[in-house]
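A short worksheet on the structure shown next.
The values are calculated or read from the model by the stated rules, or taken from the named source; none is laboratory data. As the structure is a prediction and not an experimental result, all values here were calculated from the model. All Cβ positions, even for glycine, are placed from backbone atoms using ideal geometry, and neighbour counts span all protein chains on display. To get the accessible areas, we keep the full protein, side chains included, count just its heavy atoms, and leave off ligands, DNA and RNA. Shrake-Rupley method; radii C 1.70, N 1.55, O 1.52, S 1.80 Å.
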Amino acid sequence: MADLLERYDPDAPSLETIAETAVGWAAAPETKIAVRIWAMEVLKRCRGRVAWVDDVWEDLLELQMQGASPGIEKRLRHSWRR
């Protein structure tokens, strides 16, 4: 989905639904690491397209830092901070 969002421009209601679902997965502590990474990648591509995603982005990064796996730590250092 994250890659698809670079090539496809869904309508605003669809993009809003995608972002809402991704935030739920990224924020849920029981979500598996790979799904949380995928959800954050989706949200990264929603920034600038869904206004509220920019508003919650820093909070989501802080949440991901708590007990971060090596994969999440790498993304926090290299791609999610941009």
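Points to keep in mind about this one:
- Subset tally (residues that are closer than 22 Å to Thr17 by Cβ and assigned to a helix (DSSP H, G or I)) for the range 46-63: 11
- Residue within the range 57-77 that is basic (Lys, Arg), at pLDDT 90 or above and open to solvent by 80 Å² or more (accessible area, probe 1.4 Å) present: no
- Sole exception among (1) part of a helix (DSSP H, G or I); (2) charged (D, E, K, R); (3) loosely packed, with under 11 Cβ neighbours inside 10 Å for Glu30, by number: (1)
- Yes/no for Glu41 being of a type outside the set (Phe, Trp, Tyr), surrounded by fewer than 11 Cβ atoms within 10 Å (Cβ to Cβ) and in a helix (DSSP H, G or I): no
- The range 1-27, subset modelled with pLDDT under 90 and open to solvent by less than 20 Å² (accessible area, probe 1.4 Å), residue nearest to Arg77 (Cα to Cα): Ala2
- Members of the range 43-59 that are within 14 Å of Arg75 (Cβ to Cβ) and either without any contact (Cβ under 8 Å) to a residue 24 or more places away in the chain or charged (D, E, K, R) (or both): Lys44, Arg45, Trp57
- Pairing each residue of the range 15-30 that is within 17 Å of Gly48 (Cβ to Cβ) with any residue that is of a type outside the set (S, T, N, Q) and open to solvent by 30 Å² or more (accessible area, probe 1.4 Å), provided the two are 6+ apart or on different chains, yields C-beta distances under 8 Å for Leu15/Arg49; Ile18/Met1; Ala19/Trp52; Val23/Val56.
- Test: Arg47 is surrounded by fewer than 17 Cβ atoms within 10 Å (Cβ to Cβ), in contact with an Asp or Glu (Cβ under 6 Å, 6 or more places away or on another chain) and of a type outside the set (Val, Ile, Thr): yes
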